[in-house]
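Below is one structure; the comments refer to it alone.
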Amino acid sequence: MEEKLILFKNRKRFGIEKNIDIIFKNTTLVLSSLVAIVLFGIILVVFFQSFESFSRYGLNFLVTSEWNPVKDEYGAFTAIYGTLVTSLLSLLITIPLGVGTAIFITEDFVPKFVREIVGSFVELLAAIPSVVLGLWAIFVMEPFFREFFVFLHKFFGWIPLFSSEPAGRNSLLAIIILVVMLLPIVTSIARDSLNQVPKKLRNASYGIGASRWKTIFSVILPAALSGIMAGVLLALGRAMGETMAVTMIIGNSNVFSWSLLSPGYTISSMLANQFGEADGSQVSSLFYAAFVLMILSLVVNIFAQWLVKKFSLKY
Amino acid sequence: MNSLYYQKKLSRNVGDKFFTSLSVFCALIAILPLIFVVTYILIKGGAQITPELFTLEPNPPGDDLDAGGINPALIGTLVITTIASIIAIPVGVGGGIYLAEYSKGGPFSKFIRFGVNVLAGVPSIIAGVFIYALIVSTKILFGSMYSGFAGGMALSILMLPTVIKTTDEGLKLVPNELRYASLGIGASMYTTILKITLPTAFRSIATGVVLGIARAAGETAPLIFTALFSYYYIVGFEDLFYEMGSLAVLIYNFALEPYDAQNKLAWAASFILVISILTVNIFSRIFAAFTEKTKRV
Amino acid sequence: MIKNTKKSQKKNILSLEDVSISYGTFEAVRNVFLNFKAGDITSLIGPSGCGKSTVLRALNRMNDLIPNCSLKGTVLFDGTNIYDKRVDPVEVRRRIGMVFQQPNPFPKSIYENIAFGARINGFTGDMDELVESSLRKAAVWSECKDKLNDSGYSLSGGQQQRLCIARTIAIEPEIILMDEPCSALDPISTLKIEETMHELKKNYTIIIVTHNMQQALRVSDMTAFFNAVEYEDGDGGKVGYLAEFDSTKKIFNSPKEKTTQEYISGKFG
Ligand SMILES: Nc1ncnc2c1ncn2[C@@H]1O[C@H](COP(=O)(O)OP(=O)(O)O)[C@@H](O)[C@H]1O
Ligand SMILES: [Mg+2]
């Protein structure tokens, strides 16, 4: 009996082991809290840094487009407009492309291995760093589209969006490169949502004589809609915050223009361009712009998460 | 004519054909960018690869004859990514452990998971802005302003959500029976986690983390006003606290230079960056597929 | 179509001639010959895995949805081989509707669940009337009439299944296929659906797969017993075949085959 007990030296949990257990738990607790701390830290720091500019220009900052470090006048309208226009228009193009691709991947028009290759290609596209896409855009994409833009201006110049002579770097190029970057996001989320639609719904629809595309449009897509919407919102958040490729190709001009063929600005490209060299009240104004960008992307993101929660697991 | 036969001209069949073609067309457009980008990088970047590229410092723009190499940027990327990993991996794995093992579905974990998703959606340039305000402009790090260390911290903010998420999700996949088995023979919680659950989930966590590191290695926006850029070799530990180059920022800076020599260097750096990132991605994909197959059997 | 005036001599509406069905290289059922008579309810019974569902899905080309499923032989419907290259499977399914094992309403309102199928089949009449009459025929009108705009998922399982039957009736098919329609339901719902089938028999040909022999006995005129045997080339897999086909009475009272006898007396299954 006694011999046996000796074999199990650790039968009793010693104080020290209990303490390790508690320390371990609390350490992980602190580490996970760090996420919240960093998040609030970011919001607070950016907010306080922008305070000087905020108290000086108030909401006028959002609607004036004078950006003049010499006269110390700052208004971010051009950049805000650019952010919204480039992200929304690129999304408008990406949604049908991405959903169409997702349908291609989830239906059986072609053998499975072809679809898998397409799927991996699109996902690998997401892995290409944005700065590399920017480089590619400058040296390959821009020359490729040059003639087309001239044509666009010539024949559609009466539309305000194409009303200016095409500049070498312009907002439309930024929109196109954004489409390339958003495509993987929308495609992969749309694909996952389509895959989650229960098979029985497709059966039900085919079973009463609906054709393939009637089934897709009337049954499958509506059932996947909330997931796709969430993906679209995530892509929107991404588009608004996307920096490098856009900065490299948009032309970076604070002169406001309706035309997409003129150089433009987005909040993030303005930050990338000016932050390193700014001083004085310009810094605070840049923080103010950063704060606006952050709020925009937070709102979009939180809305996306809400959507996912609200509509998931309906069946 | 037999009414069961397929009728080409039926609006239903015309419509189906049309939309099927449209979907195929979308897929073609979707894969074109990757093919084009990779081809150009292989051709334009591959042509620049020489041994000197890896050993020399870049020459400042203007001297159009010879742009030099990218050694400092290459080392800089490794250093900055390492710093980011050293910060983000322990914090992320630890945080993920708390979410998956201790707090499970409680309100705290809901809040943190929400925070993780929000943080993942914060634009990467904001991480740079934050570190700029916190470290660069305050010179809090031994009086240095722009530094490789600051760049690493900015990158770690971007890596953190990825690491926490993969840890959390990887651990959630571990069957509860395994935990009960360990706890049931009197193991403490931390032994169970460190010896049983974490090793079981190791593969999926490692895959996710490696992908996160690959992603961070290509990030530029958080570095351009935290680590800035440098033309000089990294020689010692103290260089961490000075401006530091990276492949990503080199591409950005040199792509915008009007000189051909610098542009070529940007292509060369892209070649190295893209090849490494794609290699990591493809391998982890194969690895994950393989893991899944062996699990099913 | 020529109407057959002599009631006693029912005509063959659907015939399987030497049908074998495979999933990839695995042959699930082999050499089935089977004639379904218009206006009959025919049950397909047999141990699970013998290929009843596979055969049923072959009757309106639902197997097309399974990537590696292939069929040899002919399935004649209305004088046409529905596996002929020129045949449009959508057209087939409009005339041979299907009710599935799991109730599968669309995530739409009850009304829309029924109107959807009718609309794609080009229905031009009074939709409200069609919805009501379909729900009545499926014996679920009283439960639905006050909540036509609620989601189909707000109904109980049994009601959902009857909604699915109503949805199939609404496209006015000639044949209704049902794959274990009651297996997910409680006994009371099951009885209700059986009553529904008796009602439907007046206008439709029904082919039903069932696990429940009492049900086959209660509802059907004809019964086909399927069984499965080891491959003779013996890699352990089983292949299904049609063991016996006769009137339900004969199958249950005086089967010719020994296996049928054993199965209906509960010796295996
Ligand atoms: N989608 C499928 N893919 C591969 N094999 C299948 C599939 N569906 C059924 N089978 C196989 O075909 C055989 C017959 O199945 P099934 O028709 O569902 O039988 P039953 O309905 O009589 O229970 C079984 O061995 C089953 O494993
Ligand atoms: Mg079955």
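The values are calculated or read from the model by the stated rules, or taken from the named source; none is laboratory data. Worth saying up front: this structure is predicted, and the values here are computed from it rather than measured. Reconstructed Cβ throughout: ideal geometry from the backbone, glycine too, with neighbour counts over all protein chains shown. With ligands, DNA and RNA removed, areas are computed over all heavy atoms of the protein, side chains included. Shrake-Rupley method; radii C 1.70, N 1.55, O 1.52, S 1.80 Å.
General remarks:
- Taking the conditions (1) more than 10 Å from chain A (Cβ to nearest Cβ); (2) modelled with pLDDT of 90 or more; (3) open to solvent by 40 Å² or more (accessible area, probe 1.4 Å) in turn, B:Leu32 satisfies each one other than (1).
- First in the stretch C:31-60 and more than 10 Å from ligand 2 (Cβ to nearest atom), second anywhere and among the basic types (Lys, Arg) and open to solvent by less than 10 Å² (accessible area, probe 1.4 Å), Cβ under 7 Å, 6 or more apart: C:Asn60/C:Arg93
- Residues satisfying the criterion are absent from the stretch C:186-205 (criterion: on the phi < 0 side of the Ramachandran plot, of a type outside the set (Ser, Thr, Tyr) and within 16 Å of ligand 2 (Cβ to nearest atom)).
- Scanning the stretch C:210-242 for residues being crowded, with 21+ Cβ neighbours inside 10 Å, within 13 Å of ligand 1 (Cβ to nearest atom) and not β-branched (Val, Ile, Thr) gives a total of 6.
- Boolean, C:Ser156 is more than 20 Å from the chain's Cα centre (by Cα), away from every other protein chain (no Cβ under 12 Å), hydroxyl-bearing (Ser, Thr, Tyr) and open to solvent by 30 Å² or more (accessible area, probe 1.4 Å): yes
- For C:Asn60: the one exception among (1) of a type in the set (S, T, N, Q); (2) away from chain A (no Cβ under 14 Å); (3) more than 9 Å from ligand 1 (Cβ to nearest atom): (2)
- In the stretch C:75-107, the residues that are over 20 Å from A:Ser205 (Cα atoms), open to solvent by less than 40 Å² (accessible area, probe 1.4 Å) and in contact (Cβ under 8 Å) with a residue 12 or more places away in the chain: C:Val75, C:Phe77
- Across the stretch C:64-76, the qualifying residues are those that are more than 11 Å from chain A (Cβ to nearest Cβ) and on the phi < 0 side of the Ramachandran plot, and the one among them that is farthest from ligand 1 (Cβ to nearest atom) is C:Leu76.
- Lone unmet requirement of (1) closer than 19 Å to A:Ala235 by Cα; (2) aromatic (Phe, Trp, Tyr); (3) not in a helix (DSSP H, G or I) for A:Tyr81: (3)
- B:Ala269 being within 20 Å of A:Met244 (Cβ to Cβ), at pLDDT 90 or above and within 8 Å of another protein chain (Cβ to nearest Cβ): no
- Matching helices (runs of 4 or more DSSP H) fully within the stretch B:47-149 where at least 1 residues are open to solvent by 50 Å² or more (accessible area, probe 1.4 Å): B:51-55, B:71-97, B:107-121
- Just one of the listed residues (A:Ala126, A:Ala76) is farther than 23 Å from A:Tyr265 by Cα, in contact with a Ser or Thr (Cβ under 8 Å, 6 or more places away or on another chain) and not charged (D, E, K, R), and it is A:Ala126.
- Taken as a whole, the condition of being open to solvent by less than 50 Å² (accessible area, probe 1.4 Å) and in contact (Cβ under 8 Å) with a residue 40 or more places away in the chain does not apply to B:Tyr190.
- Some residue of the stretch C:10-24 being within 16 Å of ligand 2 (Cβ to nearest atom), more than 14 Å from chain A (Cβ to nearest Cβ), of a type in the set (A, V, I, L, M, F, W, C) and closer than 16 Å to C:Ile206 by Cβ: no
- Within the stretch A:43-61, being part of a helix (DSSP H, G or I), open to solvent by less than 80 Å² (accessible area, probe 1.4 Å) and within 13 Å of another protein chain (Cβ to nearest Cβ) holds for A:Ile43, A:Val45, A:Val46, A:Phe47, A:Gln49.
- Qualifying residues in the stretch A:108-138 (those that are more than 7 Å from every other protein chain (Cβ to nearest Cβ) and not in a helix (DSSP H, G or I)) - the one least open to solvent (accessible area, probe 1.4 Å): A:Val110
- Scanning the stretch C:103-131 for residues that are under 24 Å from A:Ala224 (Cα atoms) and part of a helix (DSSP H, G or I) yields C:Ile110, C:Tyr111, C:Glu112, C:Asn113, C:Ile114, C:Ala115, C:Phe116, C:Gly117, C:Ala118, C:Arg119, C:Ile120.
- For the stretch A:88-106, the set of residues classified as within 11 Å of chain B (Cβ to nearest Cβ) and under 24 Å from A:Ile249 (Cβ atoms) consists of A:Ile93, A:Thr94, A:Ile95, A:Pro96, A:Leu97, A:Gly98, A:Thr101, listed by residue number.
- Residue tally, condition under 21 Å from C:Pro181 (Cβ atoms), part of a loop (DSSP other than H, G, I, E, B) and more than 9 Å from ligand 1 (Cβ to nearest atom), over the stretch C:16-56: 3
- When each of C:Ala139, C:Ala184 is tested for being part of a loop (DSSP other than H, G, I, E, B), among the small types (Gly, Ala, Ser) and more than 29 Å from C:Asn63 (Cβ to Cβ), the lone residue that passes is C:Ala139.
- Every residue from the stretch C:42-71 that is among the charged types (D, E, K, R) and under 30 Å from C:Ile264 (Cβ atoms): C:Lys52, C:Arg57
- Any hit, the stretch C:116-132, residues being buried (at least 18 other Cβ atoms within 10 Å of the Cβ), farther than 29 Å from B:Lys8 by Cβ and facing chain A (nearest Cβ under 9 Å): no
- Residue in the stretch C:258-268 that is more than 16 Å from ligand 1 (Cβ to nearest atom) and aromatic (Phe, Trp, Tyr) present: no
- When the stretch C:62-102 is filtered for residues that are part of a strand (DSSP E or B), away from ligand 2 (no atom under 16 Å from the Cβ) and out of contact with any Pro (no Cβ under 8 Å at 6 or more places or on another chain), the ones remaining, listed by number, are C:Ser70, C:Leu71, C:Lys72, C:Gly73, C:Thr74, C:Val75, C:Leu76, C:Phe77, C:Thr80, C:Asn81, C:Val87.
- If you filter the stretch B:206-232 down to residues that are in contact with an Asp or Glu (Cβ under 9 Å, 6 or more places away or on another chain) and more than 14 Å from chain A (Cβ to nearest Cβ), you find that the one that is farthest from A:Ile128 (Cα to Cα) is B:Tyr232.
- Those residues of the stretch B:272-292 which are surrounded by fewer than 17 Cβ atoms within 10 Å (Cβ to Cβ), at pLDDT 90 or above and among the aliphatic types (A, V, I, L, M), in sequence order: B:Ile275, B:Ile282
- Whichever residue in the stretch A:139-169 is open to solvent by less than 40 Å² (accessible area, probe 1.4 Å) and under 14 Å from A:Ala245 (Cβ atoms) and, among such residues, is farthest from the other protein chains (Cβ to nearest Cβ): A:Glu142
- Test set (1) within 13 Å of another protein chain (Cβ to nearest Cβ); (2) in a helix (DSSP H, G or I) - A:Ala210 fails condition number: (2)
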